[in-house]
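Q: One structure coming up, written as structure tokens, with questions to follow.
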Amino acid sequence: MKLKLTALRFSLVLGVTGALMAVPTAAQAQAQTQAQGQAQAQTPARSTADHSATLAALNELKAGGGPGAGVYAGTRDASWNLSTGTATINTNDPIGPDEYYRVGSQSKTFTAIAVLKLTEANGIGLDDPIEQHLPGVVSVNGYDGNRITIRHLLQHTSGIPVNGLPLAQARPDGSYTLAALVKDGLRFAPASQPGAAFQYSNTNYEILGMLIEKITGLPVHQAVTQQVIQPLGLAHTRFPAPTDRAVPGPAIHGYRGTRIGSFFFWLDGTAFEPSTFYASGAVISTLRDMTAFYQAIVDGTALSPANLAEMEKTFELGQPGSGNGYGLGMLKFALPCGGTAWGHDGAVPGYYSQTLVTEDGRHASVMTNAHLATNIPGAQMYKTLTSALCETSS
């Protein structure tokens, strides 16, 4: 079962100027066909035929997503990757595991790791009310900061609903402060009592970003870089500062637009203001680095044993007994082939992605370079992930 957990922050009006109408010519179609299924394997080398089911699922994801899609997957002993379509429209540019893209809400796991490390180091309890550390920030519009804890924010059980119509006040340079994002999110009345229900909301993580800044005295992008990205050696992962709108090279271009049968209309969305999501979705990374990140969590490298145990305490999602849940910034999935996978999904204008890893070393990180406002290919994403993870489960 695919759990749709992505909170979206889209402009309500898409400009027509600069939009690209891409209708594949015979030559382009031939080039795309040649690009499909291109596999670049680490030792030991494996052929594309070994991953035919995953390749078929990846092609389905591309058909419902962007102009390209890629997967980096494998076991503890060997990894492989597949690409279909292209990283840049009208070119034959396969998506590789070391190319940069925006990971969207997978950023929440980075923020969660920073919060867990900082609270532990500073003697702050996860069940402390947020009012104790950010007085007055949350206690507005019917919210009681004395009842909402740090754990509630991490687990999306604070009662704060999704902000489906973001109207935060931008600074003159077009960037956003955490305070502005939080104020905007809290204009919506509580959807439930703290701890009573799962309500996925970016606002929870913008509040946590404020907590990180209060503890460290640093902007959240610097604090998460120092607390998480650098210690884990994630050399191809960036938490960009406000107004740093470029994706570094080699970049996978991200697109916004729509599909109508075999026709598709793309607007390049690669450049984007990162503080639009900030602590909830600003990170830029690669398929290989995202895999390493989640592997470092489940193998105990990223956190102390006590903190990892807290992170893996989940709020059950779906049918009772499904085995699916949300921990502290990380999803738990019961795989159809048996076993449990941990990770997160993410979507921002231009990109849709997800990473899952297991304790026995299996891993799959998948992305497509468009995120559509409608007809999100969630089922195709889940099929690609589970195919990659389950083909090596025996």
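Q: Please specify each residue of the range 243-263 satisfying the condition of being surrounded by fewer than 21 Cβ atoms within 10 Å (Cβ to Cβ), part of a loop (DSSP other than H, G, I, E, B) and touching a Gly at 6+ places or on another chain (Cβ under 9 Å).
A: Those that are surrounded by fewer than 21 Cβ atoms within 10 Å (Cβ to Cβ), part of a loop (DSSP other than H, G, I, E, B) and touching a Gly at 6+ places or on another chain (Cβ under 9 Å): 243, 245, 250.
Q: Taking the range 361-389 on its own, how many of its residues are under 15 Å from residue 335 (Cβ atoms) and assigned to a helix (DSSP H, G or I)?
A: So the first thing to find is which residues in the range 361-389 are under 15 Å from residue 335 (Cβ atoms), and the list is 361-364, 366, 381-389.
Subsequent filtering for residues that are assigned to a helix (DSSP H, G or I) retains 381-389.
Count: 9.
Q: Sticking with this structure for a sec: Being in contact (Cβ under 8 Å) with a residue 12 or more places away in the chain, touching a Lys or Arg at 6+ places or on another chain (Cβ under 9 Å), among the aromatic types (Phe, Trp, Tyr) and closer than 21 Å to residue 88 by Cα narrows it down to one of 277, 265, so name that one. Steps first, answer last, please.
A: Working: 277 fails: closer than 21 Å to residue 88 by Cα.
When all the criteria are applied, what remains is 265.
Q: Can you confirm whether the range 270-277 contains a residue that is of a type in the set (Gly, Ala, Ser), in contact with a helix residue (DSSP H, G or I) (Cβ under 9 Å, 6 or more places away or on another chain) and open to solvent by less than 10 Å² (accessible area, probe 1.4 Å)? Break it down into steps so the answer makes sense when it comes.
A: The first filter runs over the range 270-277 and keeps only residues of a type in the set (Gly, Ala, Ser), leaving 271, 275.
Remaining after also requiring in contact with a helix residue (DSSP H, G or I) (Cβ under 9 Å, 6 or more places away or on another chain): 275.
With open to solvent by less than 10 Å² (accessible area, probe 1.4 Å) added as a condition, the list becomes 275.
Yes: one or more hits.
Q: Out of 157, 225, 216, 149, I need the residue that is among the β-branched types (Val, Ile, Thr), surrounded by fewer than 18 Cβ atoms within 10 Å (Cβ to Cβ) and at pLDDT 95 or above. Which one? If you could, list the steps in order and put the result at the bottom.
A: On the way: 157 fails: surrounded by fewer than 18 Cβ atoms within 10 Å (Cβ to Cβ); 225 fails: surrounded by fewer than 18 Cβ atoms within 10 Å (Cβ to Cβ); 149 fails: surrounded by fewer than 18 Cβ atoms within 10 Å (Cβ to Cβ).
Of 157, 225, 216, 149, the one residue that is among the β-branched types (Val, Ile, Thr), surrounded by fewer than 18 Cβ atoms within 10 Å (Cβ to Cβ) and at pLDDT 95 or above is 216.
Q: Also: Against the condition assigned to a loop (DSSP other than H, G, I, E, B), surrounded by 22 or more Cβ atoms within 10 Å (Cβ to Cβ), in contact (Cβ under 8 Å) with a residue 24 or more places away in the chain and not hydroxyl-bearing (Ser, Thr, Tyr), how does residue 329 come out, does it pass? Spell out the reasoning first.
A: Numbers: assigned to a loop (DSSP other than H, G, I, E, B): yes; surrounded by 22 or more Cβ atoms within 10 Å (Cβ to Cβ): yes; in contact (Cβ under 8 Å) with a residue 24 or more places away in the chain: yes; not hydroxyl-bearing (Ser, Thr, Tyr): yes.
Against the criterion (assigned to a loop (DSSP other than H, G, I, E, B), surrounded by 22 or more Cβ atoms within 10 Å (Cβ to Cβ), in contact (Cβ under 8 Å) with a residue 24 or more places away in the chain and not hydroxyl-bearing (Ser, Thr, Tyr)), residue 329 qualifies.
Q: Output the number of the condition that residue 345 fails; it satisfies all remaining conditions of (1) charged (D, E, K, R); (2) assigned to a loop (DSSP other than H, G, I, E, B); (3) within 16 Å of residue 378 (Cα to Cα).
A: (2)
The values are calculated or read from the model by the stated rules, or taken from the named source; none is laboratory data. These figures come from a predicted structure and were not determined experimentally. For neighbour counting, all protein chains shown are included, and Cβ atoms are generated from backbone atoms with ideal geometry for every residue, glycine included. Note: areas computed on protein heavy atoms with side chains; ligands, DNA, RNA excluded. Shrake-Rupley method; radii C 1.70, N 1.55, O 1.52, S 1.80 Å.
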